[in-house]
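See below for the structure under consideration.
Please treat every number below as a calculation from the coordinates, not as lab data. In this text the structure is predicted, and so the values were computed from the model without any measurement. In this analysis, Cβ positions are derived from the backbone assuming ideal geometry, glycine residues included, and neighbour counts consider all displayed protein chains.
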Amino acid sequence: ARDAGGDCFVQYSNALNTRAQERLALEAQLRHAIERNELELHFQPQQGLTDDKLVGFEALVRWRRNGELISPADFIPLAEESGLIVPIGDWVLAEACRQAKIWSLETPRKFVIAVNISPRQFHHPSFLRRVTETLSESQIDPSFIELEITEGIVMRDVERTIELLEDLRKRGLTLAIDDFGTGYSSLAYLKRFSIDKLKIDQSFIRHLRPNSEDAAIVQAVINLGHHLGLSVIAEGVETANQRELLRAWGCDEIQGYFYGRPLSADKATQFIFEN
Ligand code: C2E
Ligand code: CA
Ligand code: CA
Ligand code: CA
């Protein structure tokens, strides 16, 4: 860097180095997050629209790093790139099963706990074995657990995915396609995937008004899902208006700040007894 643009280059490369170093430091800390007990699950309630009852929770991971709660948006991508998502995903599933077991002992009511599965985790050769082991160790009915997978996941290696989804479903788990409508899945494949539920992405719900383009898309997805024998849930529901539109269009379930924010396990238990 001895030419005219030299200083510029040095600064740029320093900035890059700092960025890379921060990343490495974060990755090193994340590597120990499990053994240090720094991960926790929060649970966001889901409401059925036929009788307004609590039907389940989505498990959302948080990282308590030096006392500060870090959102998954800030470390799941890093975990995915570094491969740490595999042990983290194992931990999340085991923890969700543990919570399902506790709730099943505390109440006869039945809730599903939805667990997010990332691409690298899903396509890992031992994924099916890990899920099977975790379920049998936790001694819960597999139907308590729902796996949320994205369109990106299912469109990679379609033939193998079709088989894997069938195997998971044979074991009694339920399967949902997360963020539906934002990915690039081909509708033609939808009938070949052995799934139970479509989860409409919050980007279609945020500005939902009658007769809008979003309304057309949301209604079409609800009808598509129902004609394929799937149930449909909408995420990111923040207002009573949004809920009533979705109800009128026959959507089965909602999740969002309007019904409830993600809650700590204790608060979620309280929510169960109050709803
Ligand atoms: P997602 O699966 O689409 O999860 C929904 C996100 O929307 C959550 O953010 C949730 O807190 C937020 N949300 C829920 N209701 C509302 C609402 O009414 N309005 C708005 N504006 N937002 C709402 P969170 O918890 O930060 O999670 C972000 C993403 O991180 C998730 O998106 C999911 O892709 C990923 N993630 C979370 N937990 C896990 C996990 O255990 N494993 C994996 N692989 N990914 C996870
Ligand atoms: Ca999700
Ligand atoms: Ca989602
Ligand atoms: Ca999303």
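GNM on the chain, alpha-carbon springs under 10 angstrom: the most fluctuating residue among 174, 50, 161 is 50. Considering only 104, 186, 136, the mean-square fluctuation computed in a Gaussian network model of the chain, springs between alpha carbons under 10 angstrom, is largest for 186.
Taking only the C-alpha atoms of the range 208-256, Rg followed by Dmax gives 10.0, 28 Å.
Find out how many positive minus negative residues lie around residue 245, taking Lys and Arg as positive, Asp and Glu as negative, among other residues whose Cβ is under 13 Å from that of residue 245. That works out to +1. Under 1.5 on a/c is rounded, so check that first for the range 90-214, then, if it is not, pick prolate when a/b is larger than b/c and oblate when it is not; a ≥ b ≥ c are the square roots of the alpha carbon gyration tensor eigenvalues. Oblate, since a/c reaches 1.5 and b/c is not below a/b. Of the trypsin sites (Lys or Arg not before Pro) found in the range 28-62, the ones in coil according to DSSP and having at most 14 other Cβ atoms within 10 Å of their Cβ are 36, 53. When the pairs 170/199; 53/170; 53/267; 101/191; 110/199 are compared against a 24 Å limit on Cα-Cα distance, 53/170; 101/191 fall above it. Please work out whether the range 140-275 counts as rounded, prolate or oblate from its C-alpha gyration tensor, where a ≥ b ≥ c are the square roots of the eigenvalues and a/c under 1.5 means rounded, while otherwise a/b larger than b/c means prolate and anything else oblate? Oblate.
Taking each residue as 0.36 nm, the span from residue 22 to residue 35 lengthens on full extension beyond its C-alpha to C-alpha distance by 2.6 nm.
All Cα-Cα distances of the chain, cut into 10 Å bins from zero to the largest, leave 6, 27, 32, 22, 8, 4, 1, 0 percent in each bin in turn.
When the Gaussian network model of the chain links Cα atoms closer than 10 Å, the mean-square fluctuations of 167, 252, 157 top out at 157.
A viscosity of 1.002 mPa s and a temperature of 20 °C, combined with the Kirkwood radius over Cα pairs in Stokes-Einstein, give a translational diffusion coefficient for the range 1-158 of 119 µm²/s. Sequence-distant contacts, meaning Cα pairs under 8 Å at least 6 residues apart, place the relative contact order of the range 96-183 at 33 percent.
Each label was represented as a point 7 Å from its Cα along the Cα-to-Cβ direction; for residue 189 and residue 94 these points are 3.1 nm apart. Between residue 162 and residue 14, the FRET efficiency estimated from the beta carbon spacing at R0 = 45 angstrom works out to 0.40.
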